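Comments concern the structure below.
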Amino acid sequence: MNVLVLAGGLSYERDVSLRSGRRVMDALLSVGVEAEMRDADVSLLPSLANDPPDAVFIALHGSTGEDGSLRGVLELCGVPYVGPDAFASRLAWDKPSAKAVLREHHIPTPDWVALPHDRFSELGAVAVLDRIVARLGLPLMVKPAQGGSGLGATVVRDPNSLPAAMVSCFAYDQTALIERYIEGVDVAVSIVDLGEGPIALPLVEIVPSNGVYDYAARYTAGLTTWHAPARLDLAVSESVVMTALDAHKSLGLRDLSRVDLIVGPDGLATVLEVNVAPGMTETSLLPMAVQAAGMDLGEVLAQIVRRAARR
Amino acid sequence: MSETELDGGRVSDTGTTLDDYTDRYAHRVNGMTASEIRALFAVANRPEVVSLAGGMPYVAALPLDTVGSMVGELIAQQGDTALQYGLGQGMLELRERICELMADVGIDAHMGASPDDVVVTVGGQQALDLVARLFLDPGDVVLAEGPTYVGALGVFQAAQARVVHVPMDDEGLIPEALEEAVVRFRAKFLYTIPTYQNPAGVTLTEQRRERVLEICERAGLLVIEDDPYGRLGFHEEAPLPLRARRRDGVFYLSTFSKTFAPGLRVGWILAPHAVRDKLVMTTEANILCPSNFAQSVITTYLRTMPWREQLKGYQQLYGERRDAMLTALSDLMPEGTTWTKPGGGLFVWATLPDGLDSKAMVPRAIAARVAYVPGTGFYADGNGRQHMRLNFSYPTPERIREGVRRLAGVVEQDLAMRAVFREAM
């Protein structure tokens, strides 16, 4: 079997993607799967036509890999790929849309509003921001409606810092997602389907040293403490797993995903977002979960890829 | 890993930071974190992005075939020396050539320059590093222009020194500001790039050179003069280096990176013998010796190829590109944007309209497929948000114009966004 790992792309997360791609490629090679890495550029389609791989592993983060469009193109080329189809991918990538689906399925997610920047100029920023604070309260989390790696995200505890947070967010995306900020424990649930349906790997608890899981905290070894498995009691862990699996299924996802949640002091798990191309870098959460499960990343990825290749 | 039963549940303490050495690193490692901004620049080498962010000379302008044959012959005929370890101080023939080059700009035997006092380094960067190793203890103060070269900031930070910036204007370092700084701070040295400065593009005028030297002499302040771009003036000769005016009190650093090619990593320092001895001891401890191969290539190049014509070629090429950039900026940038007009070198320093932040603007620029370096990279004190460095040496004039067009769009968008939220702030 030969696998093409797509990594790089033109998104904000290109650097993360290149590292994810290399780790995926190395992991596959280590278990005897032929794998090579390519960028999503003008050479991709000719290469797929001339030398089609058995399957594509999408290690592209950001819009290129996650908004569904690339998957649509791969379908046009008749090349199987790992992960959800274009539609499900698009749904998960757009946080407001994903949250609406979660809410429909009674899966807890923080109250929110999503607003494109135009609304602020049309309706007046002061009026809109006042309304948001009145309705959702404080603290708030402001983040791009489409994005990852903590880019453009700010926790707002004081209404005076909300405008600056909006400006910072709109540097990354046309639409901002503003939601109630839930205090609690950050937990990541990595989900894989090895042939028997989606299963949750050990939960990873994230404790950034300065309290914010920003870009530096995610990608600098030494700045965050990760606990795998998470330090939650059994009943809570089980409930978190159920919530995460529900989220994965409700969005129509496939093969693998990562669900990011907050577990409140009451043990209630609230879903923040669902990732269809989870990071695979040296500090990423899914590989950590695989290791905590006593499994080999290469074997896990190889199994997933083999299933995808049969589609 | 331990597991304890607790109230019917299980708690295991399996925390990891994925860095086993956090309690063993030297203090100088503090603050080394993955940088969001640097990561965003990963797209800059995709062809879709017009990068005005690099600092790269246009090495494709070299006659690469000829250089290639030259290198081939060099190995064939002198491979046993060129590929061997050499002197820590650098090859004598290169040091002699370096003295010839310096004599062109007034740093000659009369001014105390001799091959014995030249130390060849791995690029100008290592020259800076050696100076820092020799002179800086943690907590020492360095005076530098504001803004200054990012590579120097990195060296001073690694030495745990404190950088105090002295402001510049269109004529370079402001002497009155230097005077104040010299009184307020007991600095180890003044680090200056007087000619076609990176990043500001400005040049210290003739009159100010004398004033700066007087101020430093009176204060007993050592001057570290970094001159990578002095030979890259367009339609003009730069004022003579500081070192050409003083035998003492100025160490002169330069490099072949822009006049020939950066890939060879060859630079040098000219310093008085007592210092030079220590520099040699330090560099030997650091790298053993600079690359004989790289030095041989440069020596042969200077000896056998028309390097002055090549230099003229670079001057012409970069002059055209500077013109393209200045024209594009003038035609396209929104009102309120200003910029320097360099007489040489590789960079323009732009100042954004009030209220804009060049670092915060980077994601917009990436989305618009243009890259630049935010001004904050060139200050140790967090300043620089209203500025950006734009490189013109590498992209073609058409790409430069396109890049400026995209950048202007980004600035407009940012202005509009801030206007929307200004009343709320």
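The values are calculated or read from the model by the stated rules, or taken from the named source; none is laboratory data. This structure is a prediction, so every number in the text was calculated from the model and none was measured. In this analysis, Cβ positions are derived from the backbone assuming ideal geometry, glycine residues included, and neighbour counts consider all displayed protein chains. Surface areas here come from the heavy atoms of the whole protein model, side chains and all, with no ligands, DNA or RNA. Shrake-Rupley method; radii C 1.70, N 1.55, O 1.52, S 1.80 Å.
Is it possible to state the helix-based mean residue ellipticity at 222 nm for the protein assembly as shown, with each DSSP H run of 4+ residues giving -39500 (n - 2.57), the sum divided by total residues, to the nearest 500 deg cm²/dmol? What is it? Intermediate values should be presented prior to the final figure.
Numbers: 25 runs with 294 residues, N = 736.
When only DSSP H runs of four or more count, the value is -12500 deg cm²/dmol.
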With a 10 Å cut-off between alpha carbons and a GNM built on chain A, which of A:104, A:205, A:13 moves the most? A:104
Share of accessible surface on carbon and sulfur in segment B:369-422, whole %, 1.4 Å probe and ligands ignored, is 48
Taking both sides together, what accessible area is buried at the A/B interface, probe 1.4 Å, expressed in Å² and rounded to the nearest 100? 3300
Amide H partners (placed H, <5 Å) of residue B:227, local residues excluded: B:253, B:254
In Å², rounded to a whole number, the accessible area per residue of segment A:1-160 with probe 1.4 Å is 41
Helix A:234-250 versus the longest principal axis of chain A: what angle, 0 to 90°, nearest 10, using Cα atoms? 80
Long-range amide H partners of residue A:37 with built H, under 5 Å: A:5
Pop a pseudo-label 7 angstrom from the Cα along the beta-carbon direction at both residue B:64 and residue B:169 and give the gap in nm to one decimal. 4.5
Karplus couplings for segment B:230-247 from phi (6.51 cos²θ - 1.76 cosθ + 1.60, θ = phi - 60°), rounded to Hz, Gly and Pro as x? x, 8, 10, x, 9, 6, 7, 9, 6, x, 4, x, 4, 5, 6, 9, 9, 7
Ignoring ligands, DNA and RNA, the residues of segment A:193-241 whose accessible area with a 1.4 Å probe is reduced by 40 Å² or more relative to the chain alone are A:215, A:220, A:221, A:222, A:226, A:231
Checked chain B against the a/c 1.5 cut and the a/b vs b/c comparison, axes a ≥ b ≥ c from its Cα gyration tensor; verdict rounded
Please report the orientation-averaged projected area of segment A:184-276, defined via the convex hull of its C-alpha atoms, in nm². 6.1
With every protein chain kept in place and ligands, DNA and RNA left out, what is the accessible area per residue of segment A:183-241? Probe 1.4 Å, answer in Å². 38
Using a probe of 1.4 angstrom, how much of the accessible area of segment A:132-202 is carbon and sulfur, in percent? 49
Which semi-axes, in whole Å and largest first, does the equivalent ellipsoid of the protein assembly as shown have when worked out from the alpha carbon gyration tensor as the square roots of 5 times its eigenvalues? 51, 30, 26
What dipole magnitude, in Debye to the nearest 20, does segment B:284-408 give about its Cα centre under +1 on Lys/Arg Cβ and -1 on Asp/Glu Cβ? 240
Report ³J(HN,Hα) in whole Hz for each residue of segment B:264-275, in order, from the Karplus equation J = 6.51 cos²θ - 1.76 cosθ + 1.60 where θ = phi - 60°; Gly and Pro get x. 7, 6, 10, x, 7, 10, 10, 8, x, 4, 4, 6
Compute a Gaussian network model of chain A, connecting alpha carbons closer than 10 Å, and tell me which residue from A:39, A:54, A:266 fluctuates the most. A:266
Quick check: at a probe of 1.4 Å, how many percent of the accessible area of segment B:234-341 sits on carbon and sulfur atoms? 53
Determine which aspartates and glutamates satisfy two conditions relative to residue B:359: a Cα distance under 13 Å, and not lying fewer than 8 residues away in the same chain. B:36, B:414
Residue-by-residue Karplus 3J(HN,Hα) for segment B:282-299, coefficients 6.51, -1.76, 1.60, Hz, glycine and proline x: 5, 5, 5, 5, 7, 10, 6, 6, x, 5, 4, 4, 4, 5, 5, 4, 5, 4
Helix A:125-136 against the longest principal axis of chain A: what's the angle in degrees, Cα atoms only, rounded to the nearest 10? 80
Residues whose placed amide H lies under 5 Å from that of residue B:373, excluding near-sequence neighbours: B:389
